[in-house]
Amino acid sequence: MSETLITLERVCKVYQVGEENFTALNDVSLEVGAGAFMSFVGPSGSGKTTVLNLIGGLDRPTTGNIIFKGANLEKMSRDQLAAYRRENIGFIFQTYNLLPVYSVYENVLFPLILNGQKESEVRERVNAMVAKVGLEDQVNKKPAQLSGGQCQRVAIARALVKDPLLILADEPTANLDSENSRQILELMQELNHEYKAAVIFSTHDERVTRYIRREVRLEDGRVSWDKRRNGKEIES
Amino acid sequence: MRDKARFLFPFSVVAIGVALVVALVGFMEGVFMGMIDMTANLDSGHLRLVNKAFYDEEHLRPLDRALASQRETREWLLKNSKAEVDWAPRIRWGAILDVPDEQGETRSQTPVVGMGLDLKSPNSNEIDRLRLKSSLVAGTLPKGVNEMLMGVQLAEVLDASVGQSITLLGQSFDGGMVADNYKISGLVRFGITAMDKKMVLIDLVDAQNTFYMEDMVTDWLGYFPPSTDFDRYEEIKGSISASLADWTPPKDWAKDDSPIVLSIRDQQNIGAIMDKFRVIKGFVVGIFTFLMVLVLWNAGILSGIHRYGEMGLRLAFGEPHWRVIMTLAIEGLWIGFLGSVVGSLFGGSFAWYLQEVGLNMGDSFAQTGLMINDVVRARVTVGGFIQGIVPGVFASVAGTLVASMAIFQRSEANLFRELEAG
């Protein structure tokens, strides 16, 4: 078993919707190891995005704890959470969310600049990452000049370029056709092996489940099962 | 700047706003300062030494309240003011002009206001001060004895022309009646309708002779170099007033003569007008700034919505809120600065054009009787640019910051969700 990267301890998240409370996550506990390649699956409203937000430090649980390498996110200030995300987390989005006025190169460079690094120091690294996702010929193009699959490759390069410990990918294949989805998932699988960054998907795309090593199903904010590729299944 | 959609609009708002403020302030400053300068040059001076008794009844032109001992008074003024002040003696008078026909009978007659001023001394600045050479539309400046310059419209009313002999009927220093013949040496277009219709100018010495005022003047007008601050007027006025208290008057002065020093602010309600002008100018600049902030605030909100993707992304990637806001403020600063520079160029150019060419509003002023030059001109000043640029930059930064409060108050998770919603 690999070293534990994240631990969720009895995490609940309740949103107030108008006069009523909506429980998005209810008493969720689980561990994610370093280098994991896993997915949260489930129908809409089951709590997939909420759990990603909590792990990513974008939101705080109503009760329970989220521990990242021994540090409790609940005890971190807003700026500390920002630093946590900056240093440890890469994000991949369903809609890519590339900056339209930046080129491929600049989009990949963007998180490094936010980290306070100089462009001249990281130029080779950015170019290498662009090449790694197969876009070396498109490096100066703007997102509008790229296909959906190419945009998602840029997003993957952008997430990986700062060498994070964890990548959170929210429905990364939802806007892609089958062939592009397959290519993206194979690329992510390959990069997961190579860079050892844990990848957590949130998806209801069944094609994704063929590539992952662990699948956690959420229903009404609870873990209904936690299935691992080695055949071990934990009913919750 | 690379995102033209979100750069051009706020940039244009700032540029247009600053251009309007710079042009408007330049125009207002020009019209107002033109009026002040004109009033100072013709009538009030920047400073004025006058007998209080004359000043209290100056609408009656009480020549018996003039100040005697012209030479001693000048020496005292030179000693007790500053070298930068140029002192000019004047005699204000009122009279009736009578134009005779070929038989010597009255052909036309009208009351006029007149000024006796030094038109013949080689070191006198009065001709330049009143721009008489360039205002002359016919004839010449007075050179000989008893020659007169007449407002061009007054000449039309009197049906008089250059070279015509004319009789001046008035009251002398000692209360008697005077009648003296003058020759019209030139016709002058002062550019101020009220003066063109009513004003005549004669040399100071001629006036002293006509009104039996040897070695006497009604006023000493002090002039500062251009662009001297109004505060300086008050400063010198204060120092002269203090010296007046210890002054032993010349022996020819009447016992009840009581000279006072006035600045232009003290005369003809100009101080109150100046204060009102400053308030109005402040309002104009304030309203433009407020409108710019409003528009830029909305532009900032629109841009913020347009940029939720970028903001959400930056926050998700771990950029602290304060840094996002600071980046926006710096962007606002740049947009404000660039917009202000371009706006200043446009507004300044327009003001400069109005300064050099002017705008003839003689028809509008014809009935007012105000001492305003018919051709109004803007005045390009450093202050005008500052009053445009500072609010322009402020509006841009403030508009961006007010708009960014919405982003600041949103949690990362909300932005993330909105980001995903596209």
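When the expected Rg is taken as 2.2 N^0.38 Å, what fraction or multiple of it is the alpha-carbon Rg of chain B?
With N residues counted in chain B, Rg over 2.2 N^0.38 Å equals 1.38.
Report the net charge of residues surrounding residue A:220, where surrounding means a beta-carbon distance below 13 angstrom and charges are Lys +1, Arg +1, Asp -1, Glu -1.
+2
Expressed as a whole number of Å, what is the distance separating the alpha-carbon centroids of region A:76-104 and region B:135-182?
Comparing the Cα centres of region B:135-182 and region A:76-104, I get a distance of 87 Å.
Taking Rh as the Kirkwood radius, which is the inverse of the mean 1/r over Cα pairs, what is the Rg/Rh value for region B:47-223?
Using Cα coordinates only, the ratio equals 0.97.
Running a GNM on chain A with Cα contacts under 10 Å, which residue among A:73, A:135, A:30 ends up with the highest mean-square fluctuation?
A:30
Once you average over the residues of B:316-328, how many Cβ atoms of partner chains fall within 10 Å of each Cβ?
Averaged over the peptide's residues, the number is 5.
So which residue, out of A:16, A:80, A:94, gets the largest mean-square fluctuation from a GNM of chain A using Cα contacts under 10 Å as springs?
Of A:16, A:80, A:94, the Gaussian network model singles out A:16 as fluctuating most.
Mean separation of Cα pairs under 8 Å and 6+ residues apart, divided by the residue count of chain B: what relative contact order is that in percent?
Result for chain B is 29 percent.
Pull out the extension gain between residue A:63 and residue A:117, defined as 0.36 nm times the separation in residues minus the alpha carbon to alpha carbon distance; nm, one decimal.
Result: 15.8 nm gained on full extension.
Name the most mobile residue of A:112, A:160, A:25, meaning the one with the largest mean-square fluctuation, in a Gaussian network model of chain A with Cα contacts below 10 Å.
A:112
Between residue B:298 and residue B:405, what's the calculated FRET efficiency when r is the beta-carbon distance and R0 is 22 Å? Round to 0.05.
0.95
Only Lys, Arg, Asp and Glu count, each charged at its Cβ (+1, +1, -1, -1), so figure out the dipole size of region B:47-223 about its Cα centre, rounded to 20 debye.
Its charge dipole is roughly 620 debye.
What residues have an amide H closer than 5 Å to that of residue B:358, excluding those fewer than 5 places away on the same chain, when H is modeled at 1.01 Å from N in the peptide plane?
Excluding prolines and chain starts, which carry no amide H, the hits are B:378.
Could you pull out every one of the lysines with an alpha carbon less than 20 Å from that of residue B:198, ignoring same-chain neighbours closer than 8 positions?
B:133, B:183
Ignoring GluC sites (Glu not before Pro) that are buried or in helix or strand per DSSP, and keeping those with at most 11 other beta carbon atoms within 10 Å, what is the longest stretch of chain B between them?
B:215-422
So who's got an amide H within less than 5 Å of the one on residue A:37, skipping anything under 5 residues away but keeping other chains? H placed 1.01 Å off N, in plane.
Correct list: A:199, A:213, A:214.
Using the Karplus curve 6.51 cos²θ - 1.76 cosθ + 1.60 with θ = phi - 60°, work out ³J(HN,Hα) for each residue of region B:245-261 in order, rounded to whole Hz, and write x for Gly and Pro.
4, 9, 7, 8, x, x, 5, 6, 5, 5, 5, 9, 5, 9, x, 10, 10
In angstroms, what radius of gyration and Dmax does chain A have, counting Cα atoms only?
Gyration radius and largest Cα-Cα distance of chain A: 17.7, 54 Å.
Measure nothing fancy, just the Cα-based angle from helix B:321-356's long axis to the longest principal axis of chain B, in degrees from 0 to 90, nearest 10.
30 degrees
On a 0 to 90 degree scale, rounded to 10, what angle separates helix B:70-80 from the longest Cα axis of chain B?
30 degrees
For every helix of n ≥ 4 consecutive DSSP H residues, a contribution of -39,500 (n - 2.57) applies; sum these over the protein assembly as shown, divide by its total residues, and give [θ] at 222 nm rounded to the nearest 500 deg cm²/dmol.
For the protein assembly as shown, the value works out to -14500 deg cm²/dmol.
Measure nothing but the geometry: give the 0 to 90° angle between the long axis through the Cα atoms of B:382-409 and the longest principal axis through the Cα atoms of chain B, rounded to 10°.
20 degrees
For the residues B:400, A:209, what sequence is obtained by ranking on other C-beta atoms within 10 Å, fewest first?
If I rank by nearby Cβ atoms, fewest first, I get A:209, B:400.
Please work out the Cα center distance from region A:133-208 to region B:245-264, rounded to the nearest Å.
94 Å
Stretch residue B:143-residue B:103 to full length: gain in nm at 0.36 nm per residue minus the Cα-Cα span?
Once the chain is fully extended between residue B:143 and residue B:103, it gains 11.6 nm.
Tally Lys/Arg at +1 and Asp/Glu at -1 over every other residue whose Cβ is under 12 Å from the Cβ of residue B:156; what's the total?
0
For residue A:75, list the lysines whose Cα falls under 19 Å from its own Cα; do not include residues on the same chain fewer than 8 positions away.
Excluding near neighbours in sequence, the set is A:13.
Evaluate the charge dipole of the protein assembly as shown about its Cα centre and quote only its size in Debye, nearest 20, assuming +1 on the Cβ of each Lys and Arg and -1 on the Cβ of each Asp and Glu.
2640 debye
Given Cα pairs under 8 Å that are at least 6 residues apart, what percent is the relative contact order of region A:95-193?
Relative CO of region A:95-193 lands at 34 percent.
Please find the FRET efficiency linking residue B:349 to residue B:239, where r is the Cβ-Cβ separation and R0 is fixed at 25 Å, and quote it to the nearest 0.05.
0.05
Note down the net charge around residue B:55, summing +1 for each Lys or Arg and -1 for each Asp or Glu among other residues with Cβ under 15 Å from its Cβ.
-1
For region B:47-223, what does the relative contact order come out to in percent, with C-alpha contacts under 8 Å and a separation of six or more?
33 percent
Using R₀ = 60 Å, calculate the FRET efficiency as 1/(1 + (r/R₀)^6) where r is the Cβ-Cβ separation of residue A:17 and residue A:140; round to 0.05.
0.85
Let me check the size of the protein assembly as shown from its C-alpha atoms; what are the radius of gyration and Dmax in Å?
Taking only Cα atoms of the protein assembly as shown, I get Rg and Dmax of 42.1, 136 Å.
Where a number appears in this text, it was derived from the coordinates with a stated rule and is not lab data. Here the structure is a predicted model, which is why all the values come from computation and not from measurement. Because the Cβ atoms are built from the backbone with ideal geometry, glycine has one as well, and the counts that use them run over all protein chains shown.
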